[in-house]
Amino acid sequence: MQIKGYLQTSVIEWPGKIASVIFTFGCNFRCGFCHNAGLVDPSTSLRLRSGRAFRMTRLQDYSEQSIIDDLEKRKKWVDALVVTGGEPCLQPDLPEFLSKVKELGLLTMIETNGSRPEILELLFKKKLLDRIAMDIKGPLDERYEEIIQNSKIPTSLKLRGAGKIQNEIKKSIEIILKSEVEYEFRTTVVPGIHNKKVLQEILGQLKVLCSNIEYPVSSISWKLQNFQPNNCLDPKFNNLKPFTEEEFEEMKKIGLLVS
């Protein structure tokens with residue numbers, strides 16, 4: 001596991017739980033609006049999301065054992081460990097690491113971009129997850145690849161071949177919905193990429209996926225987050241004004257599925 005950040009305590013990631021959070025290094029997406037640029041591009045300093053207890057200005061290495069040892073000492077005061085990134089599912093040691101965390105009696109959660117459905121399937125099969133959050137970057141069609149490469153930085157995702165990533169995302173959504181594990185889908189709405197029409201398209205596509213696996217549409221959990229221009233992977237996004245509060249509230253009214 002390449003672990004480049006560690007928060008001992010957070011109440012942001014998992015509502016109602018006190019969680020520790022680790023940040024893994026490396027991502028196969030190159031979303032220009034990504035706010036954790038340091039975990040994608042090593043030349044960029046890492047800044048944590050707004051609302052954290054503190055910020056880190058440089059990447060620091062943490063061994064798996066150092067994290068496990070610290071969690072062992074603090075497990076009476078912490079409910080869970082959240083693994084985010086970067087993209088956790090790119091870490092080959094992720095299943096083994098989560099197993100060690102579960103042995104401590106802690107709950108586990110990952111935040112993922114959904115590009116590795118086979119890894120999600122394995123984690124669910126081994127019962128290594130208690131909660132999962134997955135980003136849905138945009139409409140589940142050919143535009144998806146455009147969004148995740150919206151940066152001057154080359155992406156390894158090109159090796160997958162054009163037009164395939166949305167299929168991986170769809171598989172991950174279905175796997176999560178069928179898992180019976182607590183979950184949340186998230187979309188960060190970015191001016192110039194998302195609008196009410198785009199969100200309605202995503203909603204329609206989610207309904208189709210739910211229908212395919214006979215999942216009740218009314219039960220889906222899909223959360224919108226307003227873009228924040230801070231430490232973006234592509235610097236041009238740092239000058240982009242987010243949607244106003246009024247505009248954002250209007251977007252959240254699209255369908256009863258959006259919270």
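The values are calculated or read from the model by the stated rules, or taken from the named source; none is laboratory data. Since the structure is predicted, the reported quantities are computational estimates derived from the model, not experimental observations. Note that each Cβ is placed from the backbone with ideal geometry, even for glycine, and that neighbours are counted across all protein chains shown.
For region 173-191, which residues satisfy the criterion of being part of a helix (DSSP H, G or I), of a type outside the set (A, V, I, L, M, F, W, C) and either touching a residue at least 40 places away in the same chain (Cβ under 8 Å) or closer than 15 Å to residue 140 by Cβ (or both)?
174, 179
Filtered by the rule that a residue be without any contact (Cβ under 8 Å) to a residue 60 or more places away in the chain and farther than 16 Å from residue 6 by Cβ, region 71-101 gives 76, 89, 92, 95, 96, 99.
Determine, yes or no, whether residue 158 is at pLDDT below 95 and outside any loop (DSSP other than H, G, I, E, B).
Considered against the rule, which asks whether it is at pLDDT below 95 and outside any loop (DSSP other than H, G, I, E, B), residue 158 comes out as yes.
Let's see how each residue does on (1) part of a helix (DSSP H, G or I); (2) in contact with a His (Cβ under 9 Å, 6 or more places away or on another chain); (3) surrounded by 13 or more Cβ atoms within 10 Å (Cβ to Cβ):
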position: 171; (1), (2), (3): yes, no, yes
position: 193; (1), (2), (3): no, no, yes
position: 208; (1), (2), (3): yes, no, no
position: 228; (1), (2), (3): no, yes, yes
position: 231; (1), (2), (3): no, yes, yes
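Just a yes or no: is a residue in region 92-114 surrounded by 15 or more Cβ atoms within 10 Å (Cβ to Cβ) and aromatic (Phe, Trp, Tyr)? The answer is yes, given that some residue of region 92-114 is surrounded by 15 or more Cβ atoms within 10 Å (Cβ to Cβ) and aromatic (Phe, Trp, Tyr). Among the residues of region 20-35, those identified as buried (at least 23 other Cβ atoms within 10 Å of the Cβ) and either under 21 Å from residue 62 (Cα atoms) or at pLDDT below 90 (or both) are 20, 22, 23, 24, 27. Of the residues screened, residue 130 is not one that is over 18 Å from residue 13 (Cα atoms) and at pLDDT 95 or above. Taking residue 68 as meeting all but one of (1) in contact with a helix residue (DSSP H, G or I) (Cβ under 7 Å, 6 or more places away or on another chain); (2) in contact (Cβ under 8 Å) with a residue 40 or more places away in the chain, write down the number of the exception. Of the numbered conditions (1) in contact with a helix residue (DSSP H, G or I) (Cβ under 7 Å, 6 or more places away or on another chain); (2) in contact (Cβ under 8 Å) with a residue 40 or more places away in the chain, the odd one out for residue 68 is (2).
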